[in-house]
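Visitor: I have a structure I would like to understand better, so I am pasting it below and will then ask my questions one at a time.
The values are calculated or read from the model by the stated rules, or taken from the named source; none is laboratory data. On a predicted model such as this, the values are computed, not experimentally measured, just so you know. All Cβ positions, even for glycine, are placed from backbone atoms using ideal geometry, and neighbour counts span all protein chains on display.
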Amino acid sequence: MQPAPPLSPVTVPGLIDSHAHLLRDSAGLAFPGTAAAVRAFHRQVAGQGSTPMDVLDPPPPAAPGEVAGRLLAGLRRAAGTGLAEITEMGMREWWYLDALARLQAAGPLPLRVRIYLASGLAGQAGPDEIGARRADAGPWVALDGIKFYADGWLGPRTCAMCGNFDDEAQDGLLFMDAATLARRITPYLGSGWRIATHAIGDRGIEAVLDGYELAWDGDLAAMAAAAPRIEHASVQSGDLIARMAACGVTACIQPSFAVTDVPQVSAALGSGRSAAAYPWAALAAAGVRLLAGTDYPIEVLEPLVGLARLVSGRSRRQGFAAAGSAPPASKTARVSCRSPNQLKWWVGYFPAQDRANADV
Ligand SMILES: [Zn+2]
């Protein structure tokens, strides 16, 4: 009898969510429920000269075994939606990682977990500890990068804009200018940590691109090799899109934003600037590197709903109808379905027979 062939790694189809807050939500921590609460939080943090990623989480909400059980339930639910991997975008305490270690000691996790450390946690721990934690993370968990936070959100009118909002005589909040961001990310360069920064408004995105150019000292090739990320990258001029492409910066977009934010976009930006919001098709056409995520629990976790919204502007799946549809500039059906490479920003591998049925 022939001996069984040795086991070898295989690649299987799987959906990837590159920006979520699944661990935090699964643990039972509350997220601000209203735009007014987010606005108050952003103003308070900015007033203290800090950023939302420098505000740490409270102690664990339950005993270690209970916390691990909650995280396992969340991971199982995510795997049940078809996800093979999630990225926790901004982990603010180590107890999440301790709970994942406890789960991994008992067996494989339901899906792979990639983690970006919140800038406050990474800064407090220092390079030795974060390096040791990364080496020790276990087979199902990867500590990938550090997340910074440049501006606020569109709904609460706290994202940093180049001009005033249409419905308010103010232009949002910038938590960090370019020089501060550059100073803060420089210590992580060269040690394999990937950099990601939240930026939604055009002034916020510009500050981040300026900060990245300062940090990499204008070396575009080195910057492109490191592929730093901008999370959301929502409101963009043509110039910013061209800069992102030239610098090799990755935009991590949230297809659901373009659908659920329709009323906010027209109110906040007016008819003159609305087309600058969620310009996914222009980003893809310019060759900007793209990743996609949900920002769960801000948006639904189900990846097929996000994919449908990305390619057709809406989802017809029962229970996921939204009042609006994404504008044409936020649909990327032709671009994404023609190129398997571009599908990778949402789907690790998307079976050919399903491409024709992308309107799920
Ligand atoms: Zn987020």
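Visitor: Within the range 26-45, can you find the residues that are in contact (Cβ under 8 Å) with a residue 24 or more places away in the chain and within 14 Å of the ligand (Cβ to nearest atom)?
Guide: Residues satisfying the conditions are 29, 31, 38, 42.
Visitor: Here is a further query. Working only within the range 15-25, note down all residues that are in contact with a helix residue (DSSP H, G or I) (Cβ under 7 Å, 6 or more places away or on another chain) and either farther than 18 Å from residue 77 by Cβ or away from the ligand (no atom under 15 Å from the Cβ) (or both).
Guide: 15
Visitor: Quick one: residue 298 ticks every box in (1) within 14 Å of the chain's Cα centre (by Cα); (2) buried (at least 23 other Cβ atoms within 10 Å of the Cβ) bar one, so which box is it?
Guide: Among (1) within 14 Å of the chain's Cα centre (by Cα); (2) buried (at least 23 other Cβ atoms within 10 Å of the Cβ), the lone unmet condition for residue 298 is (2).
Visitor: Identify, from the list 131, 204, the residue that is touching a strand residue (DSSP E or B) at 6+ places or on another chain (Cβ under 8 Å) and at pLDDT 95 or above.
Guide: Within the list 131, 204, the selection yields 204.
Visitor: Out of the residues in the range 94-114 meeting the condition of being under 17 Å from residue 145 (Cβ atoms) and charged (D, E, K, R), tell me which one is farthest from the ligand (Cβ to nearest atom).
Guide: Checked the range 94-114; the qualifying residue farthest from the ligand (Cβ to nearest atom) is 112.
Visitor: How many residues does the range 114-164 contain that are within 30 Å of residue 263 (Cα to Cα) and not in a strand (DSSP E or B)?
Guide: Of the residues in that region, 14 qualify.
Visitor: Now for a separate question. For the range 139-156, name all the residues that are surrounded by fewer than 17 Cβ atoms within 10 Å (Cβ to Cβ) and modelled with pLDDT of 95 or more.
Guide: 142
Visitor: In addition: Take the range 268-315 and flag every residue that is within 16 Å of the ligand (Cβ to nearest atom), out of contact with any Gly (no Cβ under 9 Å at 6 or more places or on another chain) and not aromatic (Phe, Trp, Tyr).
Guide: 291, 295, 297, 298, 301
Visitor: Moving on. Let me spell it out: the conditions are (1) at pLDDT below 90; (2) of a type in the set (A, V, I, L, M, F, W, C); (3) surrounded by fewer than 23 Cβ atoms within 10 Å (Cβ to Cβ); (4) closer than 29 Å to residue 212 by Cα, and residue 304 meets all of them except one. Which number is the exception?
Guide: Of everything listed in (1) at pLDDT below 90; (2) of a type in the set (A, V, I, L, M, F, W, C); (3) surrounded by fewer than 23 Cβ atoms within 10 Å (Cβ to Cβ); (4) closer than 29 Å to residue 212 by Cα, residue 304 misses just condition (4).
Visitor: Name the one entry in 117, 71 that is buried (at least 20 other Cβ atoms within 10 Å of the Cβ), within 16 Å of the ligand (Cβ to nearest atom), without any contact (Cβ under 8 Å) to a residue 60 or more places away in the chain and within 30 Å of residue 199 (Cβ to Cβ).
Guide: When all the criteria are applied, what remains is 117.
Visitor: A further question on this structure: Which ones in the range 201-215 are small (Gly, Ala, Ser) and within 16 Å of the ligand (Cβ to nearest atom)?
Guide: Matches in the range 201-215: 201, 204.
Visitor: Which residue is surrounded by the most Cβ atoms within 10 Å (Cβ to Cβ), if the candidates are limited to the range 178-200 and must be assigned to a loop (DSSP other than H, G, I, E, B) and more than 16 Å from the ligand (Cβ to nearest atom)?
Guide: 193
Visitor: Output the residue which, of all residues in the range 79-100 that are within 18 Å of the chain's Cα centre (by Cα), modelled with pLDDT of 95 or more and among the hydrophobic types (A, V, I, L, M, F, W, C), is surrounded by the fewest Cβ atoms within 10 Å (Cβ to Cβ).
Guide: 91
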